[in-house]
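To keep things clear, I will list the structure first and then write my remarks on it.
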Amino acid sequence: MRVGLLTGGGDCPGLNAAIRAVVKHGEGRYGHSIIGFRNGWKGVVDGDVLPMGRQHIRNVLPVGGTLLGTARFHPKAEDGSLDAVMATLEAERIEALICIGGDGTLHAASKVAEAGVKIVAIPKTIDNDVAGTDLSIGFHTAVNIATEAIDRVHTTAESHNRVMVVEVMGRHAGWIAVNAGIAGGAELVLAPEEPFDIEQVVKFLKHRHRAHANFSIVVVAEGAEPREGGAMDYTTQVGKYGEIIAGAIGDRLAHEIEQRTGFDTRVTILGHVQRGGSPTPTDRILGSRFGVAAMDAISEGKSGVMTALRGERVELVPLAEVAGKVKHVPLDLLRVAQALA
Ligand code: F6P
């Protein structure tokens, strides 16, 4: 069988582990040919192919990013790019496609599956907000990086008696903010799930600094917003593909805190540092498990499904049920972060 493979959307550590598993398992166990597409859906539209063999996946496990390249590009019926996808798949005699991606890539995958192409998807995003799976590839590494950054900011905050605002990624969900905030001992964690009240933030910081501390760490997800009608007027600005202007909320929050408390305040924007570098063992293992499961599913003739971690098991969930949905941080986890303030 000729199986197509692509990685789409923002990159993350652990993608190469999934690619490696697809190629090794596909060739070794099933004798399939794996045809990679460069730069996500864009490569399918352009017919930009890379036939994959063992020579391409040597030594890639510890390497971040994606050896296939990626792009924020989603084919649409309206501009003819969906037709171009179908034409390339036919020309390359692709019988099934494995798509590794986050919300945008998976949404496009479900549209292509509806058009009759056999598709199995694998979830990846450091934001961890793909519905239907406990974990997405890349999240674990990002939490590690953010936690280490918070630890480092901690010592300088304490030395200088400062408030430190640390902005982490997370457009629609605060998974990195909440997990790294808890692990790094942040005093406040602000996530998109619960619009914050700047007056409460200021009250909390003033009380803390008066009562028992001379520094504070505030972790804010890039998609966090102040509550409507509150004392802080702010609207999140997003780009063409929903990406948020890095640093906007972090800078603004630091400014508001300094103005309203008089405390010396600094901001650290972690940005793409969270998406780079070597994957943790957990992400290497997750990528490997998802790659093997996706290849098994394709080989058994399954389609329109996504690999998902459910507890200890890797299962298949219908793509149509999860594509386009956001998995939010549950309130009980947010409460843990707040309880430890
Ligand atoms: O991949 C998800 C994400 O990391 C978001 O948290 C962030 O808003 C976005 O990607 C940044 O995208 P880009 O790399 O296109 O700037």
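The values are calculated or read from the model by the stated rules, or taken from the named source; none is laboratory data. Since the structure is predicted, the reported quantities are computational estimates derived from the model, not experimental observations. Neighbour counts are summed over all protein chains in view; Cβ atoms, including those assigned to glycine, are modelled from backbone coordinates with ideal geometry. Each accessible area value is taken on the protein alone, full model and side chains, heavy atoms only, with ligands, DNA and RNA left out. Shrake-Rupley method; radii C 1.70, N 1.55, O 1.52, S 1.80 Å.
Which residues, counting only those in segment 11-30, are open to solvent by 10 Å² or more (accessible area, probe 1.4 Å) and within 13 Å of the ligand (Cβ to nearest atom)?
Asp11 - this is the single residue of segment 11-30 that is open to solvent by 10 Å² or more (accessible area, probe 1.4 Å) and within 13 Å of the ligand (Cβ to nearest atom).
With respect to the numbered conditions (1) surrounded by fewer than 14 Cβ atoms within 10 Å (Cβ to Cβ); (2) outside any helix (DSSP H, G or I); (3) at negative phi; (4) without any contact (Cβ under 8 Å) to a residue 60 or more places away in the chain, which one is the sole condition not fulfilled by Tyr241?
In the conditions (1) surrounded by fewer than 14 Cβ atoms within 10 Å (Cβ to Cβ); (2) outside any helix (DSSP H, G or I); (3) at negative phi; (4) without any contact (Cβ under 8 Å) to a residue 60 or more places away in the chain, Tyr241 misses (4) alone.
If you check Gly36 against the conditions, is it open to solvent by less than 10 Å² (accessible area, probe 1.4 Å), assigned to a helix (DSSP H, G or I) and outside the structural domain of Lys240 (by TED's automatic domain parsing)? It would help to see each step written out before you state the result.
Details: open to solvent by less than 10 Å² (accessible area, probe 1.4 Å): yes; assigned to a helix (DSSP H, G or I): no; outside the structural domain of Lys240 (by TED's automatic domain parsing): yes.
It is false that Gly36 is open to solvent by less than 10 Å² (accessible area, probe 1.4 Å), assigned to a helix (DSSP H, G or I) and outside the structural domain of Lys240 (by TED's automatic domain parsing).
Per-residue answers, yes or no, for (1) more than 16 Å from the ligand (Cβ to nearest atom); (2) assigned to a loop (DSSP other than H, G, I, E, B); (3) without any contact (Cβ under 8 Å) to a residue 12 or more places away in the chain:
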{"position": "Asp79", "(1), (2), (3)": "yes, yes, yes"}
{"position": "Ala108", "(1), (2), (3)": "no, no, no"}
{"position": "Ile126", "(1), (2), (3)": "no, yes, no"}
{"position": "His140", "(1), (2), (3)": "no, no, no"}
{"position": "Ala146", "(1), (2), (3)": "no, no, no"}
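Within the set of pairs 6+ apart or on separate chains, which have a first residue in segment 159-177 that is farther than 30 Å from Gly104 by Cβ and β-branched (Val, Ile, Thr), a second that is outside any helix (DSSP H, G or I) and at pLDDT below 95, and C-beta atoms under 7 Å apart?
none
What's the number of the only condition in (1) touching a His at 6+ places or on another chain (Cβ under 8 Å); (2) open to solvent by less than 40 Å² (accessible area, probe 1.4 Å) that Val305 fails to meet?
(1)
Among (1) open to solvent by 70 Å² or more (accessible area, probe 1.4 Å); (2) outside the structural domain of Gly102 (by TED's automatic domain parsing); (3) of a type outside the set (Ser, Thr, Tyr), there is one condition Leu270 misses while meeting the rest; what is its number?
Single failed check for Leu270: (1).
Looking at Glu92 and the list (1) out of contact with any Ser or Thr (no Cβ under 8 Å at 6 or more places or on another chain); (2) open to solvent by 50 Å² or more (accessible area, probe 1.4 Å); (3) among the charged types (D, E, K, R), which single condition is not satisfied?
(2)
Just to be sure, is Val220 in the same structural domain as Gly102 (by TED's automatic domain parsing) and at negative phi?
Spelling it out, it is not the case that Val220 is in the same structural domain as Gly102 (by TED's automatic domain parsing) and at negative phi.
Against the conditions (1) assigned to a loop (DSSP other than H, G, I, E, B); (2) within 27 Å of the chain's Cα centre (by Cα); (3) more than 16 Å from the ligand (Cβ to nearest atom), where does Met164 fall short? Just the number, please.
With (1) assigned to a loop (DSSP other than H, G, I, E, B); (2) within 27 Å of the chain's Cα centre (by Cα); (3) more than 16 Å from the ligand (Cβ to nearest atom) applied to Met164, the lone miss is (1).
Yes or no, residue by residue, for (1) at pLDDT below 95; (2) charged (D, E, K, R); (3) not in a strand (DSSP E or B):
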position: Val267; (1), (2), (3): no, no, no
position: Val273; (1), (2), (3): no, no, yes
position: Thr282; (1), (2), (3): no, no, yes
position: Leu286; (1), (2), (3): no, no, yes
position: Arg289; (1), (2), (3): no, yes, yes
position: Asp296; (1), (2), (3): no, yes, yes
position: Ala308; (1), (2), (3): no, no, no
position: Glu315; (1), (2), (3): no, yes, no
